[in-house]
1. Are any residues in the stretch B:71-97 buried (at least 23 other Cβ atoms within 10 Å of the Cβ) and facing chain A (nearest Cβ under 7 Å), and if so, which ones?
2. Somewhere in the stretch B:101-124, is a residue part of a strand (DSSP E or B), within 30 Å of A:TYR93 (Cβ to Cβ) and either within 14 Å of another protein chain (Cβ to nearest Cβ) or without any contact (Cβ under 8 Å) to a residue 60 or more places away in the chain (or both)?
3. Yes or no: B:VAL65 among the aliphatic types (A, V, I, L, M), in contact with an Asp or Glu (Cβ under 7 Å, 6 or more places away or on another chain) and crowded, with 16+ Cβ neighbours inside 10 Å?
4. Can you find a residue that is of a type in the set (Asp, Glu) and within 9 Å of another protein chain (Cβ to nearest Cβ) anywhere in the stretch B:51-70?
5. Does A:PRO103 satisfy the criteria of being over 14 Å from the mean Cα position of the chain (by Cα) and either crowded, with 22+ Cβ neighbours inside 10 Å or at pLDDT 95 or above (or both)?
6. Could you check the stretch B:69-126 and list, in sequence order, the residues that are closer than 18 Å to B:THR58 by Cα and among the basic types (Lys, Arg)?
7. For B:ARG80, indicate whether it is closer than 18 Å to A:PHE97 by Cα, assigned to a strand (DSSP E or B) and not aliphatic (A, V, I, L, M).
8. Taking A:ARG47 as the residue in question, decide whether it is within 10 Å of chain B (Cβ to nearest Cβ) and at pLDDT below 95.
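The values are calculated or read from the model by the stated rules, or taken from the named source; none is laboratory data. Remember, predicted model here, so these are calculated numbers, not experimental data. Note that each Cβ is placed from the backbone with ideal geometry, even for glycine, and that neighbours are counted across all protein chains shown.
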Number of protein chains: 2
Amino acid sequence: MELKYQDGLIPAVIQDKASGKVLMLGYMNPEAFEATLRTGFMTFYSRSRQKLWVKGETSGHKLLVREVRVDCDRDALLVRVELRGPGCCHQGYESCFFRALTPDAEEKIVEPRRFDPAEVYKENRS
Amino acid sequence: MELKYQDGLIPAVIQDKASGKVLMLGYMNPEAFEATLRTGFMTFYSRSRQKLWVKGETSGHKLLVREVRVDCDRDALLVRVELRGPGCCHQGYESCFFRALTPDAEEKIVEPRRFDPAEVYKENRS
């Protein structure tokens, strides 16, 4: 699968294959993409920590890859996964997109919290 | 809604609100975000053409905004839309993510074509 990386990275939309929920957006470099295919678990490149990052390595809430898709321009991926745990977001929600814009341009939380981050993360987030 | 733009842009995952299908990934600058909220139709910033781009301005297949969500890091958006037309992709598919990786690392088209791009686009793509 030919991919176009920009500044060494390609964005990956992560979608729960069963529910269709969009869980998060992450970035992969070629090494992370290779590790994702080889292990079957989503592995990103952390821009802030500048290293590979197996999603869920701390929380245990890993993302098992079910299908990888590429877009028409080959510069974005859609990875359909099975979420192994109650939530993908380090703030305790199933999806990182748990806040919606309201009609008055404010925002509100529109998803229930699924777990207590303080219980799950002792050291780092992932 | 406070947003973190990187190099002036924020990525927006576009999802069909009714079906849950992920249609595309686009980028917005602050001006495109403001235009999207003001008009109710997805307006991106085209990195290649370096200008605002109303999705569907040529094809007529516009994306009507139904809900805007922001992620935990405030550096990605999920916009749930109503697709006004047969397809979002300029190659004639409903979703730009119409190709999947096969087990032997090749790829194949896994979605039906919804329209003939040659009929729809006389000049530019959008």
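1. Once the filter is applied, which keeps residues that are buried (at least 23 other Cβ atoms within 10 Å of the Cβ) and facing chain A (nearest Cβ under 7 Å), the stretch B:71-97 yields B:ASP71, B:ALA76, B:LEU78, B:CYS89, B:CYS96, B:PHE97.
2. Yes, some residue in the stretch B:101-124 is part of a strand (DSSP E or B), within 30 Å of A:TYR93 (Cβ to Cβ) and either within 14 Å of another protein chain (Cβ to nearest Cβ) or without any contact (Cβ under 8 Å) to a residue 60 or more places away in the chain (or both).
3. no
4. yes
5. no
6. Within the stretch B:69-126, B:ARG84, B:ARG114, B:LYS122, B:ARG125 qualify.
7. The answer is yes for B:ARG80.
8. yes
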